[in-house]
């Protein structure tokens, strides 16, 4: 789907408000013609026929009414356009967020969070001008000038022909200028996405940058990215101002030609066609209409920048929305949502049969002929980096669709616990980060999990203990401390299956010991624990060991 087709799809969803906005704009154009006719008629009666103004009270009141109604219709048109744009932005953002959730971490692995947030905010907001102003103005810019030319033809066909012949010049130059504006806007959005991601990465790694004394280099990188974005923004503005200048020039020339013709015609210097029949009313009526003839086209030209901006954003949003999402395949297994204290843990089975995993750009990465893990099992998956260990965990969690085969999860509770490396911690207190594992957990359960994970060893040195607020991704904690907090979260989780991705990676011996004990505790409670790791220390506690060789998962040990 091209960006234009994507925008047309959104336009169809709000066709009602857009038509209403166009109707209000056309009604305003009709009032313009009425206003010019009333003014020209009043001047004709007063100047030529020298009739007193008191005889034109009704015409004067009509003129006042017409002038007063114009801003009313202008406001109604703007309101309808803004309403349509708001509906589009809300619908697109809602659809994209749902799509992003469907893609999951596997489908978004090559997109930075800063770039993604820019797409869901800045690029979606960039659609507003297109729907609020440009789309209704396209209809207005066709019908209103046509009505004005028709009114001018009733008075003088030569003057009306001047207007009609000059009209195509404006859309022509709009198209020529717009060819470059669309590309410049797309580049501007890409630069903004890169800058957002760069800034977010620097903020997240601020502690590390300080430790290595590279904060000035990081700041220089941000300044350089900001300067690049500034330069791209100025290029877009140069194109916008250039298009406005060209259009104003041709509109001014056309109005001047009409004014010269009418002036010489009234003075008697032109005796061709209907020029000899020009009167003060007809001449003034056409002169008043001439600027209004170009005004809808001028407005369309001003909003043409909104179109270029929307096309640039639509291309990137369409790419995000076009990322394929396949349905999950869990075979014939059931995922029971109910649980009791008796069968909370201790029952359940994870099975995989004739499984094939594919990744975009890599093809088939892993095959699993048969896999089974019962409640209480500690399963270790080994293999070189890049062989698909994490992808397999993602597939088990339902975050990566499988190409073939089935994943069958039979548990009393459909929830799954996850502990990755590095672990994710939110910008909240340590207590709150642990409670994320089970929002219903009370303080005693949190304290018990914190003790088992070794969290209490370092929180005792903090002023606020477990209520100490840590930065996003555990910014104020060391790697081992963050891992202990995430481990406590896994211990408190009610999930019957826990997935651990490199849980002992780059840990000190003490924290690693806590991880090993926690794995044994989780298995003793009757949970299925699936671990992907290179660490030899985990082999000693594993009940089942699998190894990935030549894109195939094979069992190598079962103690």
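Brief remarks follow.
- Filter pass, residue 27 being closer than 17 Å to residue 132 by Cβ and surrounded by 15 or more Cβ atoms within 10 Å (Cβ to Cβ): no
- Residue match in the range 458-469 (condition: in contact with a strand residue (DSSP E or B) (Cβ under 8 Å, 6 or more places away or on another chain), in the same structural domain as residue 372 (by TED's automatic domain parsing) and surrounded by 15 or more Cβ atoms within 10 Å (Cβ to Cβ)): yes
- Enumeration of residues in the range 535-552 that are crowded, with 16+ Cβ neighbours inside 10 Å, out of contact with any helix residue (DSSP H, G or I) (no Cβ under 7 Å at 6 or more places or on another chain) and either on the phi > 0 side of the Ramachandran plot or in a strand (DSSP E or B) (or both): 544, 546, 547
- Screening residue 452 on (1) touching a residue at least 12 places away in the same chain (Cβ under 8 Å); (2) surrounded by fewer than 22 Cβ atoms within 10 Å (Cβ to Cβ); (3) over 30 Å from residue 367 (Cβ atoms); (4) under 34 Å from the mean Cα position of the chain (by Cα) shows it passes everything except condition (4).
- Hits in the range 380-399 (condition: in a loop (DSSP other than H, G, I, E, B) and surrounded by fewer than 22 Cβ atoms within 10 Å (Cβ to Cβ)): 383, 384, 385, 386, 387, 398, 399
- Residue identified as over 29 Å from the mean Cα position of the chain (by Cα) and not in a strand (DSSP E or B) among 439, 422: 439
- The listed residues are 515, 402, and the only one of them that is in contact with a strand residue (DSSP E or B) (Cβ under 9 Å, 6 or more places away or on another chain) and assigned to a loop (DSSP other than H, G, I, E, B) turns out to be 402.
- Only one entry of 345, 330 meets the criterion of being crowded, with 16+ Cβ neighbours inside 10 Å and at pLDDT below 85, and that entry is 345.
- The single condition among (1) closer than 25 Å to residue 546 by Cβ; (2) in contact with a helix residue (DSSP H, G or I) (Cβ under 7 Å, 6 or more places away or on another chain) that residue 485 does not satisfy is (1).
- Every residue from the range 266-299 that is surrounded by fewer than 23 Cβ atoms within 10 Å (Cβ to Cβ) and closer than 30 Å to residue 2 by Cα: 298, 299
- Residue match in the range 490-509 (condition: assigned by TED's automatic domain parsing to the domain that holds residue 454, under 24 Å from residue 410 (Cα atoms) and surrounded by fewer than 19 Cβ atoms within 10 Å (Cβ to Cβ)): yes
- Test: residue 413 is more than 31 Å from the chain's Cα centre (by Cα), more than 25 Å from residue 509 (Cα to Cα) and surrounded by fewer than 16 Cβ atoms within 10 Å (Cβ to Cβ): no
- Subset tally (residues that are in contact (Cβ under 8 Å) with a residue 40 or more places away in the chain, in contact with a strand residue (DSSP E or B) (Cβ under 6 Å, 6 or more places away or on another chain) and assigned to a helix (DSSP H, G or I)) for the range 518-534: 2
The values are calculated or read from the model by the stated rules, or taken from the named source; none is laboratory data. Quick caveat, the model's predicted, so the values are computed rather than measured. Virtual Cβ from ideal backbone geometry, glycine too; neighbours counted across all protein chains shown.
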